[in-house]
Amino acid sequence: MTYSDSRHPIGILLIAIVTSFVVASSLNVYPLSPSMATLRPMIMIMVLIFWLLFQPRYVGIFTAFTIGLAADLLMDTHLGQQAFAAVMVALVIKISSIYVRKLNTVNAWLIASLGLLLFQLSLWMLQMFIQNIFVAQSAFSLLMSIISWPLVLLVLRKFAR
């Protein structure tokens, strides 16, 4: 059973979505040296943005909230911080996808960059208000995420609609 906007059967698509999030969460918590950990891209959010852009029928705000809660538990942040930021990203991407008629690689990269920037800004503001800390090193992670987002697009391009 397939829908007109998808070339893949629903079962395969759902398995690909779940598998990509499991792999992304594994890469997100893989131990690295402290100097390399600051350069780790936000892989779970990058995969979330991909699915929000290219399969909005199956990945939405509830999925963003669930992925954010999982990221909170995996990354040992205060419960709800990454979930809130992920929902903000999902809302912005859902709204921006209304205005983008043709989603090519450059438009997808620009929207993903906006989403990643919004995610990091939301986390910084929440951490400032709740914990009174500011982790400037996460700007490197943001930069690496923006630069490496086309790799996520390359790996998951088979499932783009």
Original post:
Using the alpha-carbon atoms, what tilt in degrees (0 to 90, nearest 10) does helix 105-130 show relative to the longest principal axis of the chain?
Top reply: 30
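Using helices alone, I'd like the mean residue ellipticity at 222 nm for the chain: each DSSP H run of four-plus residues gives -39500 (n - 2.57), total over residue count, nearest 500.
That comes out to -24000 deg cm²/dmol.
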Original post:
What's the angle, to the nearest 10 degrees (0 to 90), between helix 61-75's Cα axis and the longest principal axis of the chain?
Top reply: 40
Subject >> 0 to 90° range, to nearest 10: angle between helix 138-156 axis and the chain longest Cα axis >> reply: 20
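No value in this document is a laboratory result; all are computed from the given coordinates. Only a predicted model underlies this, so the values are computations on that prediction, with no experimental measurement involved.
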